[in-house]
Amino acid sequence: MRPKATVLTIAALSSIALLGGCSDQKSGTPTPTSAPSSTSLPSNGAPAVAHPIANTAQFESDPCAVIPTAEVESLGGKVERSEQENLTMGKACAWIFAKGANTVSAGLVAGNKDGLSSLYAQNATGGLTTFKPVDQVDGYPAVVYANGGEGPGTCTLAVGIRDDLVYTVIPRLGSDHPSYSDPCGMATKVAAAAIKNLKGA
C-alpha cells in the first residue's frame, strides 16, 4: 500500500498549483523571495497579513526543514519517512506515516506571488469547488479550499505568511488515522507549528 500512498501524496500536492491560477507567473522553477512583489496586495477581498514573515528563502528551498519530524510525529503519529516534492509552484515536504496510507504534505508556495489574493480571485470567478475562510492560525489569515477532490480524511489549508506568500498543508488520511474525521484540525496544527518555526528562524 505504500506506493499507493505516495501516489496520493503527489496528486494532493499538485493542488498547490491552484494558487498560481490568477498570477502572472508561468510554470517553471519558482524564485524564492523575501519581500512582497506587488504594492497592490492584498486584493480581491483577501485579508492583509498583519505580521509578515520575511525570512523564508531557506525554507522555500528546503521544505522539510520547516517542521522537525519529531514535531510532526507529535501531531500525527510515527513517521516512516519524509520526501521533498518539486512542484510547479514550489517545493513541499511529504511526511509519510508508518501506519496505513496516511500522509501530510506542506510547503511554501513560492511560485504564487499573489498569496491568498489568488484564492479569493479564483473563488470570485467560480474556479473553486470549496472556499472557506477559517479562523486565523497563530494570527495569520487562512482559507480551506479545493478544486475537486474533496472527501473524508483530506483537507487543503492555505495560510497567508505574507501578502505575497502562503504556506499550504494537505493531510491525506485513511479511516485508521485518529484525525480522519477532522483533517482540517490536523492541518491547522501543522500550520501553527510551521509558523512558530518560521517566525523563530
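The values are calculated or read from the model by the stated rules, or taken from the named source; none is laboratory data. All figures in this text were calculated on a predicted structure; none of them were measured in a lab. In this analysis, Cβ positions are derived from the backbone assuming ideal geometry, glycine residues included, and neighbour counts consider all displayed protein chains.
Annotations for the structure displayed:
- Inclusion of Ala94 among residues that are at pLDDT 95 or above, closer than 18 Å to Lys199 by Cα and buried (at least 23 other Cβ atoms within 10 Å of the Cβ) is not warranted.
- Of the residues making up segment 43-86, those that are more than 22 Å from Ala110 (Cβ to Cβ) and not in a helix (DSSP H, G or I) number 6.
- Among the residues making up segment 176-201, those that are among the small types (Gly, Ala, Ser) and either under 12 Å from the mean Cα position of the chain (by Cα) or under 16 Å from Trp95 (Cβ atoms) (or both) are Ser179, Ala187, Ala191, Ala192, Ala193, Ala194.
One line per residue, one yes/no per condition, for (1) in contact with a helix residue (DSSP H, G or I) (Cβ under 8 Å, 6 or more places away or on another chain); (2) surrounded by 13 or more Cβ atoms within 10 Å (Cβ to Cβ); (3) modelled with pLDDT under 95:
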{"residue": "Pro3", "(1), (2), (3)": "no, no, yes"}
{"residue": "Ile10", "(1), (2), (3)": "no, yes, yes"}
{"residue": "Ala17", "(1), (2), (3)": "no, yes, yes"}
{"residue": "Cys22", "(1), (2), (3)": "yes, yes, yes"}
{"residue": "Ala35", "(1), (2), (3)": "no, no, yes"}
{"residue": "Pro42", "(1), (2), (3)": "yes, yes, no"}
{"residue": "Ile53", "(1), (2), (3)": "yes, yes, no"}
{"residue": "Ser74", "(1), (2), (3)": "no, no, no"}
{"residue": "Val79", "(1), (2), (3)": "yes, yes, no"}
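- Within segment 108-152, the set of residues being touching a residue at least 40 places away in the same chain (Cβ under 8 Å) and at positive phi comprises Gly115, Asp138, Gly139, Gly149.
- The test for being surrounded by fewer than 18 Cβ atoms within 10 Å (Cβ to Cβ), within 26 Å of Ala50 (Cβ to Cβ), among the hydroxyl-bearing types (Ser, Thr, Tyr) and more than 14 Å from the chain's Cα centre (by Cα) holds for Thr130.
- Looking only at residues in segment 68-100 that are aliphatic (A, V, I, L, M) and within 13 Å of the chain's Cα centre (by Cα), the one that is nearest to Tyr180 (Cα to Cα) is Ala94.
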